[in-house]
Structure formats: structure tokens, C-alpha cells
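Participant: This is the structure I want to talk about, given as C-alpha cells.
The values are calculated or read from the model by the stated rules, or taken from the named source; none is laboratory data. Being a predicted model, the structure only gives us computed values, none of them experimental. Glycine gets a Cβ as well: all are built from the backbone with ideal geometry, and neighbour counts include every protein chain shown.
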Amino acid sequence: MLVITSNILLNEAEIEISFMLASGPGGQNVNKVATAAQLRFDIKRSPSLPEDVRKRAMTMAGKKLNLQGELIIKASRHRTQGRNKQDALTRLQELLRRAAEPPKMRKKTKPSYAAIQRRLATKKLQAKTKMLRRNKHDDGI
């Protein structure tokens, strides 16, 4: 079980991890050993996720989400399979934790009386400046 929050647990059977050849550091080892991890998690059909968390996670995933609703995370930062696997699981966990937090509701605010007066004073000053720039002999032609 992968713990996301106190009330969201993921069954490890829902997560599919495969390994492939990675680019980057590792010298000759890169050409011989498949160290990069690719994690696949079906957000769309996962029974472990509540509906609101599922919707937020699908929005947050962005390009990592394919058309079938699978989240694909590629991890190749490290030189070993184990560390890349752990890195991919940690990134999945972090994404789902952020999706589990409900967004803060916006509080409607009203500008203060002083702020309104400052805005109007600025507008009057700007109008006065433009009035002074006008050509006094212009007849509108």
C-alpha cells in the first residue's frame, strides 16, 4: 500500500512499473542496464481515488496524462533501478497529495473608501493633464 493521505491509500497492484534504457550519467553502464523507470497509473479508473481528487489530479498531470487517462511518470535521474523506482513513486505520491488538498475559496473583497477616493483623485489629475495638452485654437477640424 502506498500512503497518499490519512484516508487515501493506493494498492500497489494499480501501479505498473517498467524499466528501460536511460540516457545521461552512467558511462558504459547506460548501454547495458535498463535503469530508467516508467510508472503507469490509471487515474481515470482507479477505485482508490475519490472523484474530486481524481478530477484535480487529471488537471494537474497535464502532459503526463495520456488519452486513456493513464498517468505516465518517467524517472531517470539516478543510476540505479531502485532509486529511479523510488523517485517515480515519490513523484506520484506528491502529485496525488497536492490533488487531495481542496483549493482555497476566494473571498470577495470590496475596496476601501480611501482607495476609491485615491483612484478618483488620480483620474481627475490625469484628466486635468490631458486638458492642458489640448490645443486651444483647435475648432475640431
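Participant: Could you check region 38-141 for helices (runs of 4 or more DSSP H) lying wholly inside it with 3 or more residues that are over 22 Å from E12 (Cβ atoms) and modelled with pLDDT of 85 or more?
Facilitator: 51-61, 113-133
Participant: Exactly one condition in (1) surrounded by 15 or more Cβ atoms within 10 Å (Cβ to Cβ); (2) modelled with pLDDT under 85; (3) within 26 Å of the chain's Cα centre (by Cα) is false for S23; which is it?
Facilitator: (1)
Participant: For I17, which of the numbered conditions (1) farther than 16 Å from L95 by Cα; (2) outside any strand (DSSP E or B) fails to hold?
Facilitator: Of (1) farther than 16 Å from L95 by Cα; (2) outside any strand (DSSP E or B), only one is false for I17: (2).
Participant: Can you report the number of residues in region 45-69 which are surrounded by 15 or more Cβ atoms within 10 Å (Cβ to Cβ), of a type outside the set (S, T, Y) and over 16 Å from the mean Cα position of the chain (by Cα)?
Facilitator: Residues that pass the stated criteria total 2.
Participant: Is at least one residue of region 95-118 among the small types (G, A, S) and within 21 Å of the chain's Cα centre (by Cα)?
Facilitator: yes
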